[in-house]
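Working notes, beginning with the structure itself.
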Amino acid sequence: MEMVRIFDTTLRDGEQSPGATLTLPEKLEIARQLELLGVDIIEAGFPISSPGDFESVQAIASTVTKSVVCGLARCTPKDIERAGEAVKHAAKPRIHVFCATSKIHREHKLRKGKEDIIRISVESVKQARQYTDDIEFSPEDASRTELEFLKEICEAVIEAGATTLNIPDTVGYATPKGYGEIFKYLIESIPAIREKGIILSSHCHNDLGMAVANSLAAVENGARQVECTINGIGERAGNAALEEIVMALRVRNDVYKVDTRIDATKIYPTSRMVSSLTGLVVPRNKAIVGQNAFAHESGIHQDGVLKFRETYEIMSPESVGIPQNTLVLGKHSGRHAFRTRTQELGYNLTEEQLETAFTRFKALADKKKEVFDEDIEALIDDQLEIGQEVWTLVGMQVTAGSGAIPTASVTLRDTNGDLVTDASVGDGPVDAIYSVIQRMTGVTCKLLDYRIRAVTHGKDAQGEVQIEIEHSGKKLRGRGLSTDILEASALAYLAAINRLRSAAAREERMHPQLSMEHP
Ligand code: KIV
Ligand code: ZN
């Protein structure tokens, strides 16, 4: 069966989703998981965009061995040099060079003519070839580019050494028929594509909700690489969702007749990990990975499924890694059973991570009668949300209720190991907790978003709090998990403040941010 390459850009285009900034250890965790999932290419970041991005691409390049690791660059010598430096230690390095080609981008953004655009693209591809033979070129806004010019620039960059041609629908404007026809036209009119074995790639945004349909139309018309993100996260309305493309190609193989190397049973754990670490919640009705994707509510459907599953299910939840055996472990379960369950859930923890998770699991099992798969997932995801711990919660007492003035007394430990205790009143218990933490840490910030959910059902369920704060124009997320929702609220707030501190410390170590205006 012919294979379509999966190019995952969760860590580059996906991370461009507003509010989805990830730390370096978080990006590394996701990259390892993407490799386990079986993606062919990981676009790890845009090295010139910030020192942090450069460092992350470099770290991922040194860690990942099976997947190709790719860094993005505009058509400038400095961009390509940074991308080349960032991926140079990868087992399989790729540089992805892009330059806008549509009339609207040429005239209003780049203020350059067609000849200049071809010239800088060719020079850039040639420069990138000095670092690696694996070069991808994207004519940005390709779907709104005149076909003749698109053909011309594609021919020129192939001649200069590009090995993959990506055809982005940058603004999500394409329709499946029109987008598919672009691929057909390029393949039929550029003999070098066949002669040199050039891979054509799709890259679709979801502004009209057609990113997946457009990607599949590209595959039907000869694309053999699809660019996508986990849960469809990305700029504005997002990118094409990896899980939807992979499962569409697999379930409707009778139509598409191509497959991918993705291990579909790792889809759900990867989706969970990306959602937890980015803070971007997966909608309940999201295809493949949403909470309702396999839930049958209507009596007629339930009756049908009980009699014969395929009456209403076109794929099984197990096939995408959704755990079915939800009640798993209790307080007498041992390390071995816990390790096996984490592996079944798709996690590949180091000994150290497993030990920490096991200790937290035991503490949870003491508080909760039944520990479900969702509890274990939440616990591990929480643990993987790594930031440098500056402040730790040691203890907390809260008074609230009708007639009482909400008051919180909090004890924290700072990095020197010193204990500090303080108290404050507030409009409610959470406000009181957040006020006292602000005073103790000296970090004043605005609470932009506060969300709480029960991880499982039952009165003793763990509560998960996700928040977003803003400090000096910077937005940061925090997540807290506890059977006590006020404690979860405090933990989420501290996680966000610790994240802020780590980011500030890292920025101090590194150079100032470079301008991202188009040259
Ligand atoms: O959407 C887009 O055009 C991009 C390019 C950088 C490939 O993300
Ligand atoms: Zn994009």
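The values are calculated or read from the model by the stated rules, or taken from the named source; none is laboratory data. These numbers come from a predicted model, not from an experiment. Virtual Cβ from ideal backbone geometry, glycine too; neighbours counted across all protein chains shown.
Show the residue pairs that are 6+ apart or on different chains and have beta-carbon atoms under 9 Å apart, the first residue being within segment 156-178 and within 13 Å of ligand 2 (Cβ to nearest atom), the second being at pLDDT 95 or above and aromatic (Phe, Trp, Tyr).
From segment 156-178, the pairs are ASN166/PHE7; ASN166/PHE98; ASN166/PHE137; ILE167/TYR179; ILE167/PHE183; PRO168/PHE98; ASP169/TYR179.
Which condition number does ALA73 fail, the rest of (1) within 29 Å of LEU216 (Cα to Cα); (2) in a helix (DSSP H, G or I); (3) not acidic (Asp, Glu) being met?
(2)
With respect to PHE7, determine if the residue is within 21 Å of the chain's Cα centre (by Cα), assigned to a helix (DSSP H, G or I) and among the aromatic types (Phe, Trp, Tyr).
Numbers: within 21 Å of the chain's Cα centre (by Cα): yes; assigned to a helix (DSSP H, G or I): no; among the aromatic types (Phe, Trp, Tyr): yes.
No: the conditions fail for PHE7.
Taking interchain pairs and intrachain pairs at least six residues apart, which have beta carbon atoms under 6 angstrom, with the first residue in segment 383-403 and acidic (Asp, Glu) and the second modelled with pLDDT of 70 or more and not in a loop (DSSP other than H, G, I, E, B)?
From residues that are acidic (Asp, Glu), the pairs are GLU385/LEU277; GLU385/ARG479; GLU389/ASN498.
For the list (1) within 14 Å of ligand 2 (Cβ to nearest atom); (2) surrounded by fewer than 21 Cβ atoms within 10 Å (Cβ to Cβ), I need the number of the one condition that GLY197 fails.
(1)
Answer yes if at least one residue in segment 126-135 is within 16 Å of ligand 2 (Cβ to nearest atom) and either crowded, with 16+ Cβ neighbours inside 10 Å or among the β-branched types (Val, Ile, Thr) (or both), and no otherwise.
The initial filter retains those residues of segment 126-135 that are within 16 Å of ligand 2 (Cβ to nearest atom), namely none.
No: zero hits.
Just give me the residues in segment 269-319 being within 29 Å of ALA237 (Cβ to Cβ) and of a type in the set (Val, Ile, Thr), in sequence order.
THR270, VAL274, THR278, VAL281, VAL282, ILE288, VAL289, ILE314, listed by residue number.
Only one of (1) more than 23 Å from GLU35 (Cβ to Cβ); (2) part of a loop (DSSP other than H, G, I, E, B) is not met by LEU364, so which one is it?
Looking at each condition in turn, LEU364 falls short on (2).
One residue is enough: does segment 292-302 have a residue meeting the conditions part of a helix (DSSP H, G or I), surrounded by 11 or more Cβ atoms within 10 Å (Cβ to Cβ) and outside the structural domain of THR270 (by TED's automatic domain parsing)?
Taking segment 292-302 first, the residues part of a helix (DSSP H, G or I) are 299-302.
Retained after the next criterion (residues that are surrounded by 11 or more Cβ atoms within 10 Å (Cβ to Cβ)): 301-302.
If we keep only those that are outside the structural domain of THR270 (by TED's automatic domain parsing) too, we end up with 301-302.
The answer is yes, given that some residue of segment 292-302 is part of a helix (DSSP H, G or I), surrounded by 11 or more Cβ atoms within 10 Å (Cβ to Cβ) and outside the structural domain of THR270 (by TED's automatic domain parsing).
Within the group ILE41, ILE48, which residue is within 24 Å of THR265 (Cβ to Cβ), modelled with pLDDT of 95 or more and within 16 Å of ligand 1 (Cβ to nearest atom)?
On the way: ILE48 fails: within 24 Å of THR265 (Cβ to Cβ).
Only one candidate qualifies: ILE41.
State yes or no: is ALA217 more than 28 Å from GLU243 (Cβ to Cβ) and aliphatic (A, V, I, L, M)? Step through it out loud before you land on a result.
Values: more than 28 Å from GLU243 (Cβ to Cβ): no; aliphatic (A, V, I, L, M): yes.
No; evaluated as a whole, the condition is false for this residue.
Spot the failing condition for LYS109; the list is (1) out of contact with any helix residue (DSSP H, G or I) (no Cβ under 8 Å at 6 or more places or on another chain); (2) surrounded by 20 or more Cβ atoms within 10 Å (Cβ to Cβ), and only one is missed.
That leaves (2) as the condition not met.
Go through (1) assigned to a helix (DSSP H, G or I); (2) within 23 Å of VAL69 (Cα to Cα); (3) within 16 Å of ligand 1 (Cβ to nearest atom) one by one and return the number of the condition SER143 breaks.
(2)
How many residues, within segment 169-193, are closer than 14 Å to ALA213 by Cα, within 16 Å of ligand 1 (Cβ to nearest atom) and not hydrophobic (A, V, I, L, M, F, W, C)? Break it down into steps so the answer makes sense when it comes.
Taking segment 169-193 first, the residues closer than 14 Å to ALA213 by Cα are 169, 172-181.
Still in the list and also within 16 Å of ligand 1 (Cβ to nearest atom): 169, 172-174, 179.
Okay, now just the ones that are also not hydrophobic (A, V, I, L, M, F, W, C), so 169, 172-173, 179.
The qualifying residues number 4.
Which members of segment 329-344 meet the condition of being buried (at least 16 other Cβ atoms within 10 Å of the Cβ) and of a type in the set (Val, Ile, Thr)?
Answer for segment 329-344, where residues must be buried (at least 16 other Cβ atoms within 10 Å of the Cβ) and of a type in the set (Val, Ile, Thr): just THR342.
Would segment 220-234 turn up any residue that is closer than 20 Å to ASP40 by Cβ, more than 16 Å from ligand 1 (Cβ to nearest atom) and not assigned by TED's automatic domain parsing to the domain that holds ASP169?
no
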